[in-house]
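Have a look at the structure below before the remarks.
The values are calculated or read from the model by the stated rules, or taken from the named source; none is laboratory data. This structure is a prediction, so every number in the text was calculated from the model and none was measured. Methodologically, a virtual Cβ is constructed for each residue, glycine included, from the backbone with ideal geometry; neighbour enumeration extends over all protein chains shown.
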Amino acid sequence: MQDIYEVYSGSSIDASFIKSYLEENGIGTIVNNLLENSIGAGWVDPNSGQGSKVSVSAENYEKAEKLVREYLDSREKE
């Protein structure tokens, strides 16, 4: 089993863009939507409004971190 590392935690909208951006660059992702997970479990986590988490395998972590920083930096310039 591979180690998985979180590269982003925040809004579900940004998580969706980051997932697409990483996959366009050949990096597989796992997205964990906190609200959907809590609803699926039959209850709503009061912190679920904080969004989603994007994770990648250990072998892609450094490249993914760089790409996520690039994405977030480009959003701040807008």
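For first residues located in region 49-78 and under 15 Å from Ser11 (Cβ atoms) and β-branched (Val, Ile, Thr), partners that are modelled with pLDDT of 95 or more and crowded, with 18+ Cβ neighbours inside 10 Å and lie 6+ apart or on another chain with Cβ distances below 6 Å form the pairs Val54/Val7; Val54/Tyr8; Val54/Ile18; Val54/Lys19; Val54/Thr29; Val68/Val7; Val68/Tyr8; Val68/Ile18. Among the criteria (1) modelled with pLDDT of 95 or more; (2) surrounded by fewer than 13 Cβ atoms within 10 Å (Cβ to Cβ), the one Asn47 does not fulfil is (1). Scan region 18-29 for residues that are in a helix (DSSP H, G or I) and in contact with a helix residue (DSSP H, G or I) (Cβ under 7 Å, 6 or more places away or on another chain) and the total you get is 3.
Can you find a residue that is more than 10 Å from the chain's Cα centre (by Cα), within 22 Å of Leu72 (Cα to Cα) and modelled with pLDDT under 85 anywhere in region 18-31? No, region 18-31 contains no residue that is more than 10 Å from the chain's Cα centre (by Cα), within 22 Å of Leu72 (Cα to Cα) and modelled with pLDDT under 85.
Checking each residue in region 54-78 for being within 19 Å of Asn33 (Cα to Cα) and not in a helix (DSSP H, G or I) picks out Val54, Ser55, Val56, Ser57.
Cβ-Cβ distances below 6 Å connect the following pairs, each with a first residue in region 1-17 that is under 15 Å from Asn60 (Cα atoms), a second residue that is basic (Lys, Arg) and part of a strand (DSSP E or B), and a separation of six or more residues or different chains: Glu6/Lys53.
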